[in-house]
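Quick notes on the structure that follows.
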Amino acid sequence: NPTFSSGLTAMEKKLAEYKCNTNEAIQLKLVRFPEDLEDDNTTFNPEYSHQVFGDDEVAFGYKGLKILLYYIAGNLSTFFRIEYSSKVNEKFDCVEADDVESKIREIIPPGFCTNADDFVSLLEKEVNFKPFGMLLHTYSIHNEEAGEDITYQIYKADMTCPGFREYHERLQTFLMWFIETASFIDVDDERWNYFLVFEKYNKDGATLFATIGYMTVYNYYVYPDKTRPRVSQMLILPPFQGEGHGAQLLETVHRYYMSSPTVLDITAEDPSENYVKLRDFVLVKLCQDLLCFSPVKLMQGFSQEMVTEAQQKLKINKQHTRRVYEILRLRATNMGDTEQSRSYQLDVKRRLIGPYKKKQRELAKMRRCLRPEEMTNQLNQIDLNMQREQLEESFQQLVSDYRRVLERLAQA
């Protein structure tokens, strides 16, 4: 029946108009002044909304859907409202619109405002908001736009700080929009540490604090009397990304644990590409002055001395120390010199090929049981050629990542 399949039906076309991309519909703000509410420049959108709205990141049933989620800059008191120009109607359209409100309510804690006037009056109380916990580090960054230095502070907090539990519930909602595989943590487990970044700003002659970002770290127990802190989540809120806060936060956290004799080393859970680049920069910055990383020693290859010194002095684990070594060795290597360059390539590729070789051995074992001899040899040959290409590609990618770390280091 050709007429049936040609084109969308009028009904389908109409319903298609009622689909909205939720990453665009959700409008986030961190509000300092009443006029921020009307200012489009203070709005930002999620990178992800699939955890709340499904893999298509679509809400059905509305035209011109806006999901407003505004937060007061410091204590993150929340304003939530849904706006749209029209909505499908069960009576006429025989379909039901998605219940957007209940989906959002599932992730934001109760007690939010639904009225803009109530929200603005809460803004006046913001002057009483102070950071939670213990001050670890203060730094300042020159802001071109404002034409002045802005001061930031990093605090370590825990659930015993009055009001922190409720504040953290509001803060963690941002994870859903900016970390692809985010999940909320069990705050009743006392082994969590929380590190928070705040900006100091002025309003009517008073000093106020705005939330910039945070990190959660879980303290794993290591027999018999040590812990191994593992970075779980880290988020610098989008309006403040690219200003160097992530590096300040990670370095501060490392320095905090460095002073503790019971900490073995620091790891990370399922790190993103961006986090790895950030960590490379911070760890290389911390390590570059250690004696074991002097140019002479770098040229002699990766050593147990490096592993021991980085772990004991800076709480860096073996795997990360190896990357630090490769980055610092690249800096000490004259890549224009054939001999030096070849030596560096071999050294890095030997590490990269480790997992391949293990896989080869496993495959070879399997094939011996499964296939005639000559076929195995042919397959191995194909494998090796593919491997060489992949290996070269991995190496080039790594070196370009390393160079970026070194450029950032040169500017620091």
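The values are calculated or read from the model by the stated rules, or taken from the named source; none is laboratory data. Treat the numbers as computed from the prediction; the structure is a model and nothing was measured. Note: ideal-geometry Cβ built from the backbone for every residue, glycine included; neighbour counts use all protein chains shown. We work out accessible area using only protein heavy atoms, side chains counted, and drop any ligands, DNA or RNA first. Shrake-Rupley method; radii C 1.70, N 1.55, O 1.52, S 1.80 Å.
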Of the listed links Lys313/Lys357; Lys200/Lys277; Lys277/Lys357; Lys277/Lys349, those spanning more than 23 angstrom between alpha carbons are Lys313/Lys357; Lys200/Lys277; Lys277/Lys357
Here, the range 15-126 modelled as identical Cα point scatterers in vacuum has Debye log10 I(q)/I(0) at q = 0.11, 0.13, 0.17, 0.24 Å⁻¹ of -0.38, -0.52, -0.84, -1.36
Over all viewing directions the Cα convex hull of the range 130-331 casts an average projected area in nm² of 13.2 nm²
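Enumerate by residue number the GluC sites (Glu not before Pro) in the range 127-165 meeting two conditions: DSSP loop (anything except H, G, I, E, B), and at most 11 other Cβ atoms within 10 Å of the site's Cβ.
Working: sites: Glu144, Glu145, Glu148; in loops: Glu144, Glu145.
When the GluC sites (Glu not before Pro) of the range 127-165 are filtered for loop state and at most 11 Cβ neighbours within 10 Å, Glu144, Glu145 remain.
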Of Ile353, Ile67, Ile104, the most mobile residue in a GNM of the chain (C-alpha springs, cutoff 10 Å) is Ile353
Stretched fully, the stretch from Glu12 through Asn274 gains (0.36 nm per residue minus C-alpha distance, one decimal, in nm) 90.2 nm
Here the percent of antiparallel bridges among DSSP beta bridges lying wholly in the chain, to the nearest 5, is 80 percent
In whole percent, the fraction of accessible protein surface over the range 15-126 that belongs to carbon or sulfur atoms, probe radius 1.4 Å, stands at 42 percent
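Dipole magnitude of the chain about its Cα centre, charges +1 at Lys/Arg Cβ and -1 at Asp/Glu Cβ only, in debye to the nearest 20?
2220 debye
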Here the alpha-carbon Rg of the range 144-242 over 2.2 N^0.38 Å rounds to 1.25
Unit-weight point scatterers at every alpha-carbon of the chain, Debye formula, q = 0.07, 0.12, 0.13 1/Å: log10 I(q)/I(0) is -0.49, -1.08, -1.17
As straight-line cross-link partners of Lys13, the qualifying lysines (C-alpha separation under 28 Å, not fewer than 8 residues apart within one chain) are Lys63, Lys66, Lys87, Lys91, Lys103
Expected max-MSF residue from Gln248, Gln312, Gln390 in the GNM of the chain (alpha carbon, under 10 Å) is Gln390
GNM of the chain, Cα pairs under 10 angstrom: of His245, His254, His50, the biggest fluctuation goes to His50
Probe 1.4 Å, heavy atoms of protein chains only: per residue, the accessible area of the chain in Å² is 55 Å²
